[in-house]
Every structure is written in structure tokens, then in C-alpha cells.
Amino acid sequence: MAVLPIRIMGDPVLHSPASAVDEITDEVRVLVADMFETMDRAPGVGLAAPQVGVGLRIYTYSYQDDDGAPWRGVIINPELWMTPVEPGDPDPEEESEGCLSFPGERFPLRRSDRVRVTGMDLDGTPVLIEVDGWRARIMQHEFDHLDGVLYIDRLNDSDWKTTQKIARKRGWGRPGSSWLPGVDDLEG
Ligand code: ZN
């Protein structure tokens, strides 16, 4: 297993729709093991294959409430349904998220509170996930990555402009930028 470099905003693989997985091969199994290791090292609550430079419809997730059991898994070829997003502005305290592909920053974004995700696990077994709250946010964020969408693309105009300034300052926003968890001093 290996920790993989995480691509940063501007790399084309992050901004293109990913392809469906045709067959769960050994290569896919190794990729998923590496994705778990990379996500845990970052650390992050989710990681999509395009973030490690692979344009396939796969993401991993890992989240634990203060009092709950760990919630982790991988989903391949997901489909996502969500309840309508409540109108209004997001609460910066409660509704801010970050992304390992725009590391070290957080911005408020309103998301649907409840989702249903179907797909398959690494054995090809169908999975059904129905979650709300922060787990629903993770599912929407990771699913977006498979369609080439970053959460910063969904921010209001003012926050979006801020992200562009940050990107310019750090030399992001162009192909080939990445960081390596455990080596580079960045966090999502
Ligand atoms: Zn992300």
C-alpha cells in the first residue's frame, strides 16, 4: 500500500467527469487500498479517485461522531439522490467544508440534509447508503468529484473570488499541482 499524492485544484483530472468502473480488477483493489491509506494520512473524511489522479467513479469515506461507531467504506459507480436544498445562506459555523484538493481552507456551503446513495462495494456487492447531516454532506462532496465538480465551484461569488486569489497566491489552478500527505505540511 502507498500514500498517493493528492492533486490540487487546476489539475484537469479534477475538472473532468470520471468514467464508470467496468470490472473490479486487482488494479482497482490496490487503488482503493491506497486511497484509504491516503485519506487516513491526510487526514480527510473522504477521497475520490480523481483526487489521486485516476478518473474512475470511486470514492472512500470515513467519519466518526463524538459518540458513534466509525463509519467507513468505499463506493464504486455511485448514484446519488438528495432531498431539496433548504433556501437561505449557509451558517459559517455549521455548514463549512473543506477539500483535500483545495487544502487548508474552509468555506460555507449549503447542502441537502439527506441523501440516498447506491452503488457497489469492492466485492461488487450492491450497497445502499441513506444518511443525513454531515454524512450526507460528505456523500455530496465526494460524488461531485466524480462529475469534475469541486465544492469551491459551488460557493457564492464573493467566496469564489477569494478562492481564486488564494489559488493565484499559491500557484494553484494549473495542471500538475499536488501535495503528499505525511510529507507536505498542508491539511484539508
Ligand atoms: Zn474534495
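Laboratory data are not the source of any read-out in this text; all were calculated from the coordinates shown. Predicted, not measured: the structure shown is a model, and the values here were computed from it. Positions of Cβ are backbone-derived with ideal geometry, glycine not excepted, and every protein chain shown enters the neighbour counts.
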Computed [θ] at 222 nm, helices only, for the chain once each DSSP H run of length n ≥ 4 contributes -39500 (n - 2.57): -7500 deg cm²/dmol
Work out the length of the dipole vector of the chain about its Cα centre, built from +1 on the beta-carbon of each Lys and Arg and -1 on the beta-carbon of each Asp and Glu, and round it to the nearest 20 debye. 740 debye
Distance from segment 113-188 to segment 46-69 (C-alpha centre basis), Å: 9 Å
Taking GluC sites (Glu not before Pro) that fall in a DSSP loop and have at most 13 other Cβ atoms within 10 Å as cut points, what is the longest piece of the chain between them? 95-188
Can you list residues whose amide H is under 5 Å from Leu122's amide H, if they're 5+ apart or on another chain and H is modeled 1.01 Å from N? none
Need the full-extension length gain, Glu94 to Val30, defined as separation in residues times 0.36 nm minus the C-alpha distance. One decimal, nm. 19.5 nm
Toward the positive end of the charge dipole of segment 6-160, about the Cα centre and with charges on Cβ (Lys, Arg +1; Asp, Glu -1), which of Trp71, Pro50, Ala20 goes farthest? Ala20
Can you work out the FRET efficiency for the pair Asn156 and Val127, with r the C-beta to C-beta distance and R0 = 45 Å, to the nearest 0.05? 0.85
Two-site label geometry, Arg168 and Arg114: point separation in nm, points 7 Å out along Cα→Cβ: 4.4 nm
Residues other than Leu47 with Cβ under 12 Å of its Cβ, Lys/Arg counted +1 and Asp/Glu -1, net out at -1
Summing +1 for each Lys or Arg and -1 for each Asp or Glu, what net charge is found among the other residues whose Cβ lies under 11 Å from the Cβ of Val131? +1
